[in-house]
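Before any comments, here is the structure.
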Amino acid sequence: MKPLNISLLFTYVFIMAGLNCRQDSFGNLMVRSEPQGAEIILDDSTTEETTDALISDIDEGTYELKLLLDGFEEWTDYVVIKADSTVTVDAELKQLTGALEVKSQPEGAAIWLDSDSTGHLTNHLFFGLAPGSHTVELSKDGYPSWDTTATIVADTTVTVGIDYSELNRLPLIPDAPQGLHEAVLGVVCEFSVSTTDPDGDKVSFKFDWGDGDSTEWSELVNSGTTYSDTHTFSATGTWPVRVKASDQNGATSDWSNTHMIEIKQANYYFLDDFNDYPLGGYPDWDNVSAEDGGSVEISDIHFGESGFSCKFTDPTEAAIARIGTVVAEKQKAGITFMWRIQQVGFFGFRAVDKDWSGTFYDWVSLYIIFDDGSRGYTGYICVASGSTGIPLCPYTPGEWYEIRAEFDQTARSFDVYVNGELKGTNMPFYGSLAEHVNEIHFIGFNNRTAGEVYVDDVGLYTTDESSYSYYPDNTIFNTWPAPNSCHFKAQSSSSE
Ligand SMILES: [Ca+2]
Ligand SMILES: [Ca+2]
Ligand SMILES: [Ca+2]
């Protein structure tokens with residue numbers, strides 16, 4: 001062990017002597033830079049310091065000082081270190097830049113750089129950009145927005161861009177929705193639209209009804225096909241209806257132009273809810289027929305919360321059960337009623353031209369039936385058209401159906417809604433000679449069997465108060481049901 005200890009002692013003395021000798025010729029270096037954070041290299045060796053830094057105890061001598069900072073040019077100078085003094089170096093670092101070329105096919109897309117609008121359109125060359133990542137966004141009408149990240153390299157031109165033909169394109173903005181320009185409050189209004197997608201994608205639609213309500217996106221339909229949807233407006237007023245389209249990839253067009261629709265209050269000029277008659281009595285209509293085993297009476301079966309309806313009993317072919325009344329004539333108006341049949345049978349509503357002078361059936365204008373099959377559609381509510389029927393929808397015995405028919409005397413046609421849904425458009429007047437609507441009937445016929453039928457809430461309304469009035473008594477109600485008595489008799493006529 002002893003020889004080893006002596007050896008270690010000598011080694012220690014030698015080291016101490018060497019340190020004392022070198023300490024005498026050390027100097028310091030203070031390196032500062034703008035910006036800070038540059039790596040400090042002395043004679044190609046890193047000091048493992050970054051600016052600003054004080055590096056102590058450097059041997060006397062001349063050194064090459066190098067500063068390295070990402071995005072900035074390399075900075076180099078020579079420094080002379082002297083013993084027992086501090087040399088201070090201040091370095092101004094110069095930023096590196098690169099160029100960016102932004103292209104598109106076709107050209108003319110607005111260029112956004114790092115979320116700022118550049119005011120330039122493709123194709124465009126930008127200079128003086130800091131190296132590193134930059135976001136580039138392009139926006140061009142008719143094309144989806146596109147973005148990318150460009151990595152700028154110093155003293156280099158980087159190119160980014162898009163060939164739009166490789167991208168999913170937006171569906172075209174649909175034309176303004178097509179539909180009614182005016183309608184009565186409460187009526188279901190139908191609008192149709194279409195658009196094409198330049199890629200042939202399937203499309204869906206979203207309507208903004210203009211009254212504060214809008215739809216969800218519709219089901220997808222083929223590009224170019226017509227799509228329809230309905231809306232019941234919440235209030236009177238003029239509402240701007242518009243639509244936008246989306247393709248199956250979710251690319252969405254702008255809103256279409258608007259289609260204006262005026263929703264008017266319905267003015268009832270005939271109303272009867274049958275609630276004010278004595279139970280078991282007759283409705284006070286212009287004519288009531290109950291013959292050969294048929295009967296008409298006020299029943300406590302009713303539509304709505306309370307009240308009565310008019311019950312028709314027509315148990316045999318020979319039996320007749322009928323009510324009819326004269327109503328004021330309007331050029332354009334609507335008829336509403338509730339009815340229900342207790343079994344499959346044949347029962348009809350008719351509006352007629354009272355001035356008939358020839359064959360009665362030629363003067364029927366609106367003709368709507370519960371069919372028992374005699375018009376070809378067993379169990380359907382139909383528009384009667386000669387000896388055949390135009391089916392509207394099936395009926396279930398024992399259920400109420402709301403019928404609304406809007407007619408145009410000039411066009412000699414009418415639209416029919418069942419429970420608020422448009423079921424028939426431009427239905428023809430039944431009789432070739434019928435031109436007016438001035439009397440209405442509900443009938444269990446003498447050649448068919450209806451069984452038991454209930455009718456309630458019969459109303460005629462117009463939206464046009466200047467409409468031609470055939471009869472002088474033309475009182476208008478603005479509410480449904482009318483206050484106090486809901487029966488308004490337009491004009492007396494012969495009663496049976
Ligand atoms: Ca598309
Ligand atoms: Ca009633
Ligand atoms: Ca009958």
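The values are calculated or read from the model by the stated rules, or taken from the named source; none is laboratory data. Keep in mind that what you see is a predicted model, and the values were worked out from it rather than measured. Glycine gets a Cβ as well: all are built from the backbone with ideal geometry, and neighbour counts include every protein chain shown.
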Checklist entry - Does segment 40-62 hold any residues that are over 11 Å from L29 (Cα atoms), small (G, A, S) and either surrounded by 15 or more Cβ atoms within 10 Å (Cβ to Cβ) or in contact with a strand residue (DSSP E or B) (Cβ under 8 Å, 6 or more places away or on another chain) (or both), and which are they? => result G61
Next on the checklist: Can you pull out every residue in segment 298-314 that is within 20 Å of V344 (Cα to Cα) and assigned to a loop (DSSP other than H, G, I, E, B)?
Outcome noted: I301, H302, F303
Checklist outcome for this item: Pairs returned, first residue in segment 299-324 that is on the phi > 0 side of the Ramachandran plot, second residue that is within 11 Å of ligand 2 (Cβ to nearest atom) and modelled with pLDDT under 95, beta-carbon separation under 6 angstrom, 6 or more apart or interchain, are G307/N275
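Residues in segment 218-235: is at least one within 30 Å of A450 (Cβ to Cβ), modelled with pLDDT under 90 and not β-branched (V, I, T)? Steps first, answer last, please.
Filtering segment 218-235 down to residues within 30 Å of A450 (Cβ to Cβ) leaves none.
The answer is no; no qualifying residue exists.
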Checklist entry - If a residue has to be surrounded by fewer than 19 Cβ atoms within 10 Å (Cβ to Cβ) and part of a strand (DSSP E or B) to count, how many in segment 429-440 make the cut? => result 0
Item to check | Within segment 142-166, considering residues that are part of a loop (DSSP other than H, G, I, E, B) and either in the same structural domain as V193 (by TED's automatic domain parsing) or away from ligand 1 (no atom under 16 Å from the Cβ) (or both), the one surrounded by the fewest Cβ atoms within 10 Å (Cβ to Cβ) | outcome: D155
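Only residues that are in contact (Cβ under 8 Å) with a residue 24 or more places away in the chain and either buried (at least 22 other Cβ atoms within 10 Å of the Cβ) or part of a loop (DSSP other than H, G, I, E, B) (or both): list them for segment 271-280, please. Steps first, answer last, please.
Restricting attention to segment 271-280, the residues satisfying the condition of being in contact (Cβ under 8 Å) with a residue 24 or more places away in the chain are 271-277, 279.
Of everything in segment 271-280, those that are in contact (Cβ under 8 Å) with a residue 24 or more places away in the chain and either buried (at least 22 other Cβ atoms within 10 Å of the Cβ) or part of a loop (DSSP other than H, G, I, E, B) (or both) turn out to be D272, D273, F274, N275, D276, Y277, L279.
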Checklist entry - Applying the selection to segment 179-215, what residues are in contact with a Ser or Thr (Cβ under 9 Å, 6 or more places away or on another chain) and among the small types (G, A, S)? => result G179, A183, G186, S192, S194, G200, S204, G210, G212
Checklist entry - Taking D211, is it more than 30 Å from N419 (Cα to Cα) and in the same structural domain as T258 (by TED's automatic domain parsing)? => result no
Next on the checklist: Step by step: first the residues of segment 187-203, then only those that are surrounded by fewer than 16 Cβ atoms within 10 Å (Cβ to Cβ) and either among the small types (G, A, S) or within 16 Å of ligand 3 (Cβ to nearest atom) (or both), then the one that is nearest to D247 (Cα to Cα). Which residue is that?
Outcome noted: G200
Checklist outcome for this item: Considering segment 220-269, residues that are β-branched (V, I, T) and more than 17 Å from F207 (Cα to Cα), and then whichever is surrounded by the most Cβ atoms within 10 Å (Cβ to Cβ), we arrive at I263
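Looking at L100, L96, L129, which is the one that is closer than 30 Å to T62 by Cα, more than 36 Å from the chain's Cα centre (by Cα) and buried (at least 18 other Cβ atoms within 10 Å of the Cβ)?
After ruling out the rest, the residue left standing is L96.
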Item to check | Given (1) surrounded by fewer than 23 Cβ atoms within 10 Å (Cβ to Cβ); (2) in contact with a Phe, Trp or Tyr (Cβ under 8 Å, 6 or more places away or on another chain); (3) farther than 23 Å from E435 by Cα, index of the condition I381 fails | outcome: (1)
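Considering only segment 98-126, state which residues are among the acidic types (D, E) and assigned to a strand (DSSP E or B). If you could, list the steps in order and put the result at the bottom.
First, pick out the residues of segment 98-126 that are among the acidic types (D, E): 101, 107, 114, 116.
Listed by number, the residues that qualify are E101, D116.
Looking only at segment 326-347, count every residue that is in a strand (DSSP E or B) and either touching a His at 6+ places or on another chain (Cβ under 8 Å) or within 16 Å of ligand 2 (Cβ to nearest atom) (or both) and tell me the total.
Initially, segment 326-347 is screened for residues in a strand (DSSP E or B), giving 326, 332-341, 347.
Checking the rest, the ones that are also either touching a His at 6+ places or on another chain (Cβ under 8 Å) or within 16 Å of ligand 2 (Cβ to nearest atom) (or both) come to 336-340.
Within segment 326-347, residues that are in a strand (DSSP E or B) and either touching a His at 6+ places or on another chain (Cβ under 8 Å) or within 16 Å of ligand 2 (Cβ to nearest atom) (or both) number 5.
A quick yes/no check of all residues on (1) within 18 Å of I341 (Cβ to Cβ); (2) in the same structural domain as E182 (by TED's automatic domain parsing); (3) within 16 Å of ligand 3 (Cβ to nearest atom); (4) not hydroxyl-bearing (S, T, Y):
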| position | (1), (2), (3), (4) |
| --- | --- |
| W255 | no, yes, no, yes |
| D272 | no, no, no, yes |
| N275 | no, no, no, yes |
| G294 | yes, no, yes, yes |
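The rows are residues; the columns are (1) away from ligand 1 (no atom under 16 Å from the Cβ); (2) under 30 Å from F308 (Cα atoms).
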position	(1), (2)
D254	no, no
T258	yes, no
Y268	yes, yes
P278	yes, yes
V288	yes, yes
E291	yes, yes
S295	yes, yes
Checklist entry - If we scan segment 204-221, do we find a residue that is more than 16 Å from ligand 3 (Cβ to nearest atom) and under 30 Å from T325 (Cβ atoms)? => result no
